[in-house]
Amino acid sequence: MALRGMISPSYIYACTRFRVRRTKLLPRDAYRRIMQMGIPEIITHLGRQEEYQEIMDLAGDFSGARLIEEAVNRNLARSFRGAMAIAPGSLHTLTGEYLARWDIANVMAILRGTVHHIPRQQIRDLLIPAGELDRALLDRLLSFTTCGEALDALQGWRLYPILAEHYRVCGEEGAFARIEDELYQRYYAGLLGLARSGCSGCQELIPYLRFEIDITNMKNLLRLHCAREACDITLVDQTMIPGGNMSIDLLRRLYGAGTEAEFTSIFLQTTIVPVLARAVRELRQDPNFSSTDAAELVWRRWHQHLRPVHEIEMAITRIRLQQMDALSRRYPFSVLPVLAYLERKRYEVANLRAIARGKAFGLPADRIWQYIVL
């Protein structure tokens, strides 16, 4: 334990607090009980939980599934702000950088909603003010009726230069996809740069970030292939995020594969294959599902220009969270216990939203369960 003497006591204290918080998240059995309840019972049940005090605070303003969704969204934002208050030093800095993804998600939701005239409240329900853009600014952005007005109000945002490059084409077909790609490229470049800077407790995040970039790139590659019109290889290069385990050249070759044999040969070289095979094995409870089976499964969807099966995407998300949990145990005094808690909290809220919405639409429990990430 000589290493412990080199770690700041504030790091040890903070990481221990996050591991404790992680144990207080809802377990599988709790979800099964909630799934058997109606919406009024769920509201009562969550209202009794100290963690979800927002339920009682908002009961006079909202009701039904809307009350649950509004309360858990605010709870998530409060939890993230609390995490920033606890994390010391470089852990605080890196946690803030990690939470910047919510700024990107919020800005893109507002820009798309504004251009496509989506009701303001419907957009607001999607927003999580967990980054540097607070609720007041997000509400101000929602008050605008044009994309240009929203962009002008974001000039103080550190990622505004990317938005400025696309100012004149805001709302044109394909523009939002290009903006989003560039925002996430800058986001991951910043995170990797900070993790590699030598800050205490940060470098351990690099393997996970590279894994997450691989998953994101694969999703983007499938999105491009499923588009109505084929794109050239230049757009593939512009869309991929550098820094993952899979090189951009390998992704380029995968996109250009024209036969099953060629596609399978290249796909088997990616880091996604063992993750996908494991996810399907767990999903189907089939211990014999191999990496070759996984490659053939993707080829069938790819050849038909179909997106991945939702259940498989969810299964991969579960594997991703399990990997972060494992890394947080391996590096207990790094940023990983902080982020492992934040990601699990994020999906706890997503689970409760899925249950509330599913109940509101009268979906059967087994259908709702397909959207639950544990």
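The values are calculated or read from the model by the stated rules, or taken from the named source; none is laboratory data. Since the model is a prediction, treat every value here as computed from it, not as a measurement. Please note: Cβ atoms are built from the backbone with ideal geometry, for glycine as well, and neighbour counts cover all protein chains shown. Each accessible area value is taken on the protein alone, full model and side chains, heavy atoms only, with ligands, DNA and RNA left out. Shrake-Rupley method; radii C 1.70, N 1.55, O 1.52, S 1.80 Å.
Apart from one condition, residue 128 fits all of (1) in a loop (DSSP other than H, G, I, E, B); (2) surrounded by fewer than 17 Cβ atoms within 10 Å (Cβ to Cβ); the exception is (2).
Listed here are the residues, each with its yes/no results for (1) open to solvent by less than 40 Å² (accessible area, probe 1.4 Å); (2) polar (S, T, N, Q); (3) in a helix (DSSP H, G or I).
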{"residue": "11", "(1), (2), (3)": "yes, no, yes"}
{"residue": "15", "(1), (2), (3)": "yes, no, yes"}
{"residue": "33", "(1), (2), (3)": "no, no, yes"}
{"residue": "51", "(1), (2), (3)": "no, no, yes"}
{"residue": "61", "(1), (2), (3)": "no, no, no"}
{"residue": "75", "(1), (2), (3)": "yes, yes, yes"}
{"residue": "81", "(1), (2), (3)": "no, no, yes"}
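When 311, 296 are checked against the criterion of being closer than 30 Å to residue 176 by Cα, of a type in the set (Asp, Glu) and touching a residue at least 12 places away in the same chain (Cβ under 8 Å), a single residue qualifies: 311. Of all residues in region 235-268, those satisfying the criterion of being out of contact with any helix residue (DSSP H, G or I) (no Cβ under 8 Å at 6 or more places or on another chain) and either open to solvent by less than 10 Å² (accessible area, probe 1.4 Å) or over 18 Å from residue 211 (Cα atoms) (or both) are 258, 259, 261, 262, 265. Inside region 213-228, residues that are more than 15 Å from residue 181 (Cα to Cα) and part of a helix (DSSP H, G or I) make up a count of 1.
Can you tell me which residues in region 317-341 are among the β-branched types (Val, Ile, Thr) and either at pLDDT below 90 or part of a loop (DSSP other than H, G, I, E, B) (or both)? The answer is 335, and nothing else. Number of residues in region 35-48 that are open to solvent by 70 Å² or more (accessible area, probe 1.4 Å) and not in a helix (DSSP H, G or I): the value is 2.
Scanning region 22-31 for residues that are part of a helix (DSSP H, G or I) and open to solvent by less than 70 Å² (accessible area, probe 1.4 Å) yields 30, 31. Residue 279 falls short on exactly one of the conditions (1) open to solvent by 50 Å² or more (accessible area, probe 1.4 Å); (2) in contact (Cβ under 8 Å) with a residue 12 or more places away in the chain, and that condition is (1).
Taking residue 241 as the residue in question, decide whether it is in a helix (DSSP H, G or I) and not aromatic (Phe, Trp, Tyr). No: the conditions fail for residue 241. Residues in region 235-245: is at least one among the aliphatic types (A, V, I, L, M) and modelled with pLDDT under 90? Yes: one or more hits.
Look at region 194-220: where a residue is surrounded by fewer than 19 Cβ atoms within 10 Å (Cβ to Cβ) and a partner is of a type in the set (D, E, K, R) and not in a helix (DSSP H, G or I), sitting 6+ places away or on another chain with Cβ atoms under 7 Å, you get 203/196; 206/196.
Filtered by the rule that a residue be farther than 21 Å from residue 175 by Cβ and of a type outside the set (S, T, N, Q), region 112-126 gives 119, 120, 124, 125. Against the conditions (1) out of contact with any Phe, Trp or Tyr (no Cβ under 8 Å at 6 or more places or on another chain); (2) open to solvent by 40 Å² or more (accessible area, probe 1.4 Å), residue 271 satisfies every one except (1). Exactly one residue among 300, 344, 367, 357 is crowded, with 18+ Cβ neighbours inside 10 Å, in a helix (DSSP H, G or I) and out of contact with any Pro (no Cβ under 9 Å at 6 or more places or on another chain), and that residue is 344. Can you tell me which of (1) out of contact with any Phe, Trp or Tyr (no Cβ under 8 Å at 6 or more places or on another chain); (2) at pLDDT below 90 is the one residue 145 doesn't meet? With (1) out of contact with any Phe, Trp or Tyr (no Cβ under 8 Å at 6 or more places or on another chain); (2) at pLDDT below 90 applied to residue 145, the lone miss is (2).
Number of residues in region 259-281 that are at pLDDT 90 or above, polar (S, T, N, Q) and under 24 Å from the mean Cα position of the chain (by Cα) equals 1. Does residue 97 qualify as being charged (D, E, K, R) and at pLDDT 95 or above? It is false that residue 97 is charged (D, E, K, R) and at pLDDT 95 or above. Taking the stated definitions as given, is residue 307 over 23 Å from residue 202 (Cα atoms), in a helix (DSSP H, G or I) and among the basic types (Lys, Arg)? No; evaluated as a whole, the condition is false for this residue. The set of residues in region 100-124 being over 17 Å from residue 181 (Cα atoms) and either open to solvent by less than 30 Å² (accessible area, probe 1.4 Å) or not in a helix (DSSP H, G or I) (or both) consists of 113, 114, 116, 117, 118, 119, 123. Of the residues that make up region 282-294, is at least one under 28 Å from residue 73 (Cα atoms), of a type outside the set (S, T, N, Q), more than 15 Å from the chain's Cα centre (by Cα) and surrounded by 17 or more Cβ atoms within 10 Å (Cβ to Cβ)? Looking for residues that are under 28 Å from residue 73 (Cα atoms), of a type outside the set (S, T, N, Q), more than 15 Å from the chain's Cα centre (by Cα) and surrounded by 17 or more Cβ atoms within 10 Å (Cβ to Cβ), one finds none in region 282-294, hence no.
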